[in-house]
Amino acid sequence: MGHPWMPNSAEETRRKMLEKIGVKKIDELFNDIPPSIRMKPEEWGKLSIGEGRILSEIEVKRRAESLLSKNKVFNNPPPFLGCGAWPHYVPAPVRYIVSRGEFLTTYTPYQAEINQGLMQALFEYQSMMAELLDMDIVNSSMYDWGSAAAEALLMALRVKRGRKKIILCGTLNPFHEKVIRTYLAPHDVVIVKTGIDREQGICKAEEFEKLVDKDTAAIYIENPNFFGLIEENIQEISDISHRAGALYVIGVEPLSLGLIKPPGQLGADIAVGEGQPLGLGLNYGGPYLGIFAIRYDMKLLRQMPGRLIGLTTTIDGKDRAFAMILQTREQHIRREKATSNICTNEALSAIAAAVYLALLGKKGITKLAELIYYNSHYAAKKLSEINGVNTRVFTADFFKEFPLRLEASGKKYSELHEYLLNNGVHGGYYVGNIYPWLGETAIFSFTELHTKNDIDRLVVLIKNFLEG
Amino acid sequence: MFRQARWDEPLIFELSRPGRRGFIVPEIDPAIKEAVGDIKIPAKLRREKPPELPEVSEVEVIRHYTRLTQMSYGVDNGPVPLGSCTMKYNPRVAFEIAFDPRITMLHPLQDERTVQGLLEILYHLQEWLKHITGMDYCCLHPAAGAHGELAGMLLTRKYHELRGQLDKKREIIVPDSAHGTNPASASMAGFKVVEVPSDENGNIDLDALRAAVGESTAGLMITNPSTLGLFEENIEEITRIIHSVDGLLYYDGANLNGIMGYTRPGDMGFDIAHINIHKTFSSPHGGGGPGAGPICIKDRVVDPDKNIWLHDLLPGYRVVYDEEKDMYRLEGPSKHSIGLLKTFFGNVIPLVWGYVYILSLGARGLRLATEQAVLNTNYFVELIKDVRGYSIPYGPGRHRKHEVVISAEKMKDETGVTAEDVAKGLLDVGLHAPTIYFPLIVKEALMTEFTESETIENIEEYAKRLKEISQIAYTNPSKAKEWPLSTSVKRIDNVRANHPKTLAPTWRIYLRKMRKADSNV
Ligand SMILES: Cc1ncc(COP(=O)(O)O)c(C=O)c1O
């Protein structure tokens, strides 16, 4: 009997095909593999790969079930974790649309005429994301925020050829910083990082003023920053960057843009970000969605990495149509001179984000940002009322997340973490090892998924832990 | 007869009507509002105007995107024999498991004790991939094939750096048949790319290789079978040549579907390999992504004095099993690691998809998949090899593996009908075109890969249509220029799409240009 996923594996069909090819046995098709490196079926069969034999779907589901049941999902309440990925609601229509086989099982639309729907959806993603960021051009996705930021800085080095310095605002996500350093390592570039204002928790304009020079290719800043704080000097730093002729790169969490000024209004030449909040789920780290945008400038556009879908017409001019554009930037045409090696990207995540943004619309995005703002501020306020807890470690205003400091309580965060876990609650992300000067501190995140009850319960638990 | 849906579907922006919404955001709890008071974001950083997103109802969103899916074409619609892409069937059982909330709701920074089931899955996947590739270590961190290549090139770089020879080791050799990501990845890692030609048998030209290899050779990147679908017969000699100058061999795993169970990159002598989970291991391509591109290495000493091994250089995280505690943990990036290539662990949904695929098939089924894929290719070769206008350059008479590259050069010369026209002629009857104009060394290339998933009937249908196209080319070539007629749109104006004046990468740019054009009239 044939295998369900291999229609021609039925013996009758196999025989017929072999006959036509003119070989007796299928192995003959592999005769050009030298015997010294060719594997015998017995050797291969002995390797521990799957369970060796072919399984039925029922067996597979049973096995998967036994493993999945070992995972602990925090949904009541959702984890209070952020730092680059956050628990957000995935609207039912989002998951539904990206589950449809015509999108799910399609390749990159190299044949445009038969994939116009997919291309329109990607064009709509690019266009809606452009509105949210108030930027002109958005590509159809990078892998994630970290790699998008890294590619933005590589791009800046190409645009500002000859300049060899990159300045990072010290409050950036440390995981993003690591990715940036990995990507930039082979290149002749000096990366300097500013300090963090320990009162406000943000970057100071004066520091950039001192560091920036004619050798600076770009300044990179994240807003809100790793601590959830709003970078109040972002406009001043923009001016400093441009006065020195450097590109200004801003990284954003897209939902914050319902309330916070978008990169396009802060002088960003390039904007990057993480599309994960836009209906993608947590997925233990991926797939996410690297947002990558620029303002309309041919000098920038020619150096932009990633795929772009453009609006055009059919040759007869009668119909609107979509095409992959400016492909001469890409690896399949330009090879070693390409603007990036990216090929497979996160297109389906981009489509999910498009459906998400269409559902929320102009008003919804602001309302959602407000809800998140209020939930997180309520949590900060209530938690700060507990003796020994400091949620106003920094004075700058914040969105969605903030550091919670236990230093004054004399307790270790790891102890609180255990206590919360034992009560079915996952606390924040410990950052005392990254920023020793912060001591026993974890970043807690609050979204639309955390109800007042959830927050009140967290408060009670922490209070009990510290006082009980 | 094929006729694709042809909706005059407006852009989502054009569907917008004031006051409509597709999603209700819950109201802020009044008690919370009271406790917090006003929003304190400094005025200079508050968004003044809401973004110009469309206002549409949920019903319209669903209808709009459903119609767009109807104007798209994937493996679920019919054969997609895009060469090099391994567009096999994407089993739905894997969808159910990979999108289970017990995976999609896990935060990447969650306590390891709470994600043991997932880590066990990933651990097994890592181990299975080791056996499949014959390598010593696998790392699931990279997000796609090209991301794996970048990792591999950074490893190569670090290897030479730690051996104190990076100033000499400046070049990466790639064959002229290589995929564009190979040279692009090498160059992103700061290497110079040196191209070597293929001989008429489709193998790397060994003399040319020997001439190109020297002190400055840092490594070589190839895929085997090559992008011609041919097994590189001299692979052992190539390995020897590269290793003799302390270069590393990188295996582009995009074509693993042609050899699984018959030979392994580790046995061929490769040091580093990536795997495209979204090709060989059946995770769907999503219209361009996501994928997952694990890399595997054959371990070797990098610095004997400091006891640094190649596996110490691996990026991101590896899942390890702690026998004592009977627990799975994430390890890395360690001190000598090349670092992180993405923010978090890896592309878990495609990885779990791959896990389910391997679990379902086991060693036995994987070998069967390769056999069926190769059988399909060679059956197709028999049907097409004598058709007028087409030829199969390189390796005459050799059996192909996962794919075959047909050239329509003769047809073009004799009738003016190009590979692109052939592609459009296939689309016109509802068959997805092969990859065209790649590899670059074949003129008017039609790179065709059916995978193990295609039925014999569809392969025959495909060959029949290619024959028909040939007949039309030789009798009425102008007809071929009109294709496709039955897709949702006819041929597209790529000149207009790319012209600086009409270039419209977003709706706002389009509107701006329209307004400008209007005011110029
Ligand atoms: C031969 C070959 N190498 C490398 C790649 C790059 O892989 P990815 O698209 O996953 O980045 C591809 C596929 O696109 C390929 O066909």
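A short reminder: the numbers here are calculations on the coordinates, not readings from a lab. Keep in mind the model is a prediction, meaning the values are calculated, not measured. Using ideal geometry, Cβ is built from the backbone for each residue, glycine included, and neighbour counts are taken over all protein chains shown.
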*Let me have the 222 nm mean residue ellipticity of chain B computed from DSSP H runs of 4+ only, each contributing -39500 (n - 2.57), with the sum over all residues rounded to the nearest 500.*
-11000 deg cm²/dmol
*asked:* Given chain A, report the % of alpha carbon pairs whose separation exceeds 35 Å.
replied: 43
*R0 of 45 Å, Cβ-Cβ distance A:LYS20-B:HIS499: FRET efficiency to nearest 0.05*: 0.40
*Looking at this model, which pairs from A:LYS70/B:LYS298; A:LYS72/B:LYS342; A:LYS299/B:LYS516; A:LYS72/B:LYS335; A:LYS165/A:LYS299; A:LYS25/B:LYS464 are more than 28 angstrom apart at the alpha-carbon?*
A:LYS70/B:LYS298; A:LYS72/B:LYS335
*By counting other Cβ atoms within 10 Å of each Cβ, how are B:ILE338, B:ILE459 ranked from fewest to most?*
B:ILE459, B:ILE338
*Not counting the cut sites, what is the longest span of chain A without trypsin sites (Lys or Arg not before Pro) that DSSP labels loop and that have at most 11 other Cβ atoms within 10 Å?*
A:319-468
*When ranked by the protection proxy of mean other Cβ atoms within 10 Å per residue, highest first, what sequence do the peptides B:89-101, B:183-195 form?*
B:183-195, B:89-101
*Averaged over peptide B:34-46, how many Cβ atoms belonging to another chain are found within 10 Å of each residue's Cβ?*
6
_7 Å from Cα along Cα→Cβ at both B:ILE24 and A:ARG95: what's the point-to-point distance in nm?_
2.0
*For chain A, find the longest principal axis of its Cα atoms and tell me its angle to the long axis of helix A:234-243, 0 to 90°, nearest 10.*
70
_Separation between Cα centres of region A:192-268 and region B:106-142, rounded to whole Å_ = 37
*Taking each residue of A:328-340 in turn, how many C-beta atoms of other protein chains fall within 10 Å of its C-beta, and what is the average?*
6
_In degrees, nearest ten, helix A:11-21 long axis to first principal axis of chain A (Cα)_ = 70
*asked:* Sort B:ILE39, B:ILE456 by Cβ crowding within 10 Å, fewest neighbours at the top.
replied: B:ILE39, B:ILE456
*Pop the C-beta distance of A:ASN464 and B:ARG512 into the FRET formula with R0 = 60 Å and round what comes out to the nearest 0.05.*
0.55
_Virtual spin-label span in nm between B:VAL301 and A:ARG181, 7 Å along Cα→Cβ_ = 2.9
*Cβ-based exposure ranking for B:HIS179, B:HIS311, in which fewest neighbours within 10 Å come first*: B:HIS311, B:HIS179
_Once you keep just the Cα pairs under 8 angstrom separated by 6 or more residues, what percentage relative contact order results for region A:216-364?_
16
*Taking amide H positions as placed in the peptide plane 1.01 Å from N, state which residues far from A:GLN200 in sequence (5 or more) or on other chains have amide H under 5 Å from it.*
A:THR395
*asked:* Using 0.36 nm times the number of residues separating B:LYS40 and B:GLN471, minus their current alpha carbon distance, what extension gain do you get?
replied: 147.9 nm
*Between A:ASP213 and A:ASN433, what FRET efficiency follows from the Cβ-Cβ distance if R0 is 25 Å, with the result rounded to 0.05?*
0.15
*Find the centroid of the Cα atoms in region B:1-68 and in region B:394-460, then give the distance between the two in whole Å.*
44
_Counting DSSP beta bridges with both ends in region B:98-355, the antiparallel % (nearest 5)_ = 50
*Once the protein assembly as shown is represented by equal point scatterers at the alpha-carbon sites, with solvent omitted, what log10 I(q)/I(0) does the Debye formula produce at q = 0.07, 0.10 Å⁻¹?*
-0.57, -1.20
*Sequence-distant aspartates and glutamates (8 or more away, or on other chains) whose Cα lies within less than 19 Å of B:LYS33*: A:GLU370, A:GLU385, A:ASP397, A:GLU401, A:GLU448, A:ASP454, A:ASP456
*Could you pull out every residue, at least 5 positions away or on a different chain, whose amide H is within less than 5 Å of the one on A:LEU404? Hs are placed 1.01 Å off N in the peptide plane, and Pro or chain starts have none.*
A:ALA442, A:ILE443, A:PHE444
*Counting each DSSP H run of 4 or more residues in chain A as -39500 (n - 2.57), what helix-only mean residue ellipticity at 222 nm follows after dividing by all residues, to the nearest 500 deg cm²/dmol?*
-11500 deg cm²/dmol
_Taking only Cα atoms of region B:5-138, what ratio of Rg to Rh do you get with Rh as the Kirkwood inverse-distance radius?_
1.11
*Add +1 for every Lys or Arg and -1 for every Asp or Glu among the other residues with Cβ under 11 Å from the Cβ of A:LYS61, and state the total.*
-3
*In degrees, nearest ten, helix A:413-422 long axis to first principal axis of chain A (Cα)*: 60
*Under a plain spin-label model, where a point goes 7 Å from the Cα along Cα-to-Cβ, how far apart in nm are B:ASP207 and A:ARG302?*
4.1
*Could you grab the relative contact order for chain B? Cα pairs under 8 Å, six or more apart, rounded to a whole percent.*
19
*If you count the DSSP beta bridges with both ends in the protein assembly as shown, what percent of them are antiparallel, to the nearest 5?*
60
*Difference of contour (0.36 nm per residue) and Cα-Cα distance, B:ASP8 to B:GLU96*: 28.3 nm
_Filter B:LYS168/B:LYS279; A:LYS261/A:LYS400; A:LYS318/B:LYS513; B:LYS401/B:LYS490; A:LYS193/A:LYS362; A:LYS46/B:LYS306 down to the pairs with a C-alpha to C-alpha distance above 25 Å, please._
B:LYS168/B:LYS279; B:LYS401/B:LYS490; A:LYS193/A:LYS362; A:LYS46/B:LYS306
_Hydrodynamic radius by Kirkwood, which averages 1/r over all alpha carbon pairs of region B:373-521, in angstrom_ = 17.1
